[in-house]
Amino acid sequence: MSASHIVFLMYHELELAGRKLCQSEPGYVRYILPVDTFRSQIAWLKQSNWRGLNVTQALAYPAGPAVCITFDDGCETDLIAAAPVLREFGYNATFYLAAGFLGTPGYLHPDQVRELDAQGFEIGCHSMTHPYLSDLSAAELKREIVDAKLKIEQILGHTIRHFSCPGGRYDQRTLEVACKAGFATVANSEFHANSAGTSLYKLGRIAMLRDLNLEAFAALCEGRGLWKKRLQHNARRGVQRAVGNRTYDHLRSVILREPNE
Ligand SMILES: [Zn+2]
């Protein structure tokens, strides 16, 4: 990736031996990396002289190879699995939290959110209850974006600036509400690297999948093959728009149970 383009990586919960995941459906588990896989990716980045940045740092688009590291949902493994690896290698990251999940089983407790913040990591918002934002009424959008921001800010005692969309779904209203709420950026899960020319409200991110090998990981960080992923992604979004989010999710859960998928 040239100096002016940075790939934003999107992680979720990490798997620790003997610890139950927050959810068990195949559609969820395919985004869950064992902590050792995550560690080997971060170790490869370090060894290859890449920098690992949070969103604010990445938006300065520093020269030299760098990735932006982000986590969605606010699982407890952000603090107990991801943070220790990141600190070991001197990397930062942005943790986008679903405000309404905090303090429930498997997710960060407010004290743990403060701990992540105190360790120097960046905290962002990932809605209140994790709905597809493009499906919501104006009142629901306010709760999911404005109220969620306030809730996290009350826990931290300072403002937050970054928002990520659950399931990557958003529309123009979503972006307007986020902007009015005071979010400086909105990240989705579209397959493109970002640069100074990218809209701050349409930051693309690359989902890290469980079965991604180190070679494929390296290619993604370098921005190779993103166009292929983008085509697949756009085809998927086309089907989602045609059949609706709910039907699509049902179809997907059926398909993912097939042994060959
Ligand atoms: Zn999420």
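Here are the numbers:
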{"read-out": "Within the stretch 102-131, tally of residues that are closer than 26 Å to L59 by Cβ, within 12 Å of the ligand (Cβ to nearest atom) and among the aromatic types (F, W, Y)", "value": "0"}
{"read-out": "Count of residues meeting criterion [more than 12 Å from I80 (Cβ to Cβ) and either assigned to a loop (DSSP other than H, G, I, E, B) or of a type in the set (G, A, S) (or both)] in the stretch 7-22", "value": "6"}
{"read-out": "Residues of the stretch 45-66 that turn out to be part of a helix (DSSP H, G or I) and either within 16 Å of the ligand (Cβ to nearest atom) or surrounded by 20 or more Cβ atoms within 10 Å (Cβ to Cβ) (or both), as a count", "value": "3"}
{"read-out": "Residue match in the stretch 71-79 (condition: within 16 Å of the ligand (Cβ to nearest atom) and of a type in the set (S, T, N, Q))", "value": "yes"}
{"read-out": "Verdict on E13 being crowded, with 16+ Cβ neighbours inside 10 Å, under 24 Å from E215 (Cα atoms) and within 16 Å of the ligand (Cβ to nearest atom)", "value": "yes"}
{"read-out": "Which listed residue is closer than 27 Å to P62 by Cβ, surrounded by 15 or more Cβ atoms within 10 Å (Cβ to Cβ) and modelled with pLDDT under 95, from F217, F191", "value": "F191"}
{"read-out": "Close pairs (8 angstrom Cβ cut-off, 6 or more residues apart or separate chains): closer than 10 Å to A99 by Cβ in the stretch 122-140, more than 11 Å from the ligand (Cβ to nearest atom) and part of a loop (DSSP other than H, G, I, E, B) anywhere", "value": "C125/I160; C125/F183"}
{"read-out": "Selection within the stretch 27-44 - within 16 Å of the ligand (Cβ to nearest atom) and touching a residue at least 40 places away in the same chain (Cβ under 8 Å)", "value": "G27, V29, R30, Y31, I32, L33"}
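The values are calculated or read from the model by the stated rules, or taken from the named source; none is laboratory data. This structure is a prediction, so every number in the text was calculated from the model and none was measured. We place every Cβ from the backbone using ideal geometry, glycine too, and count neighbours over all the protein chains shown.
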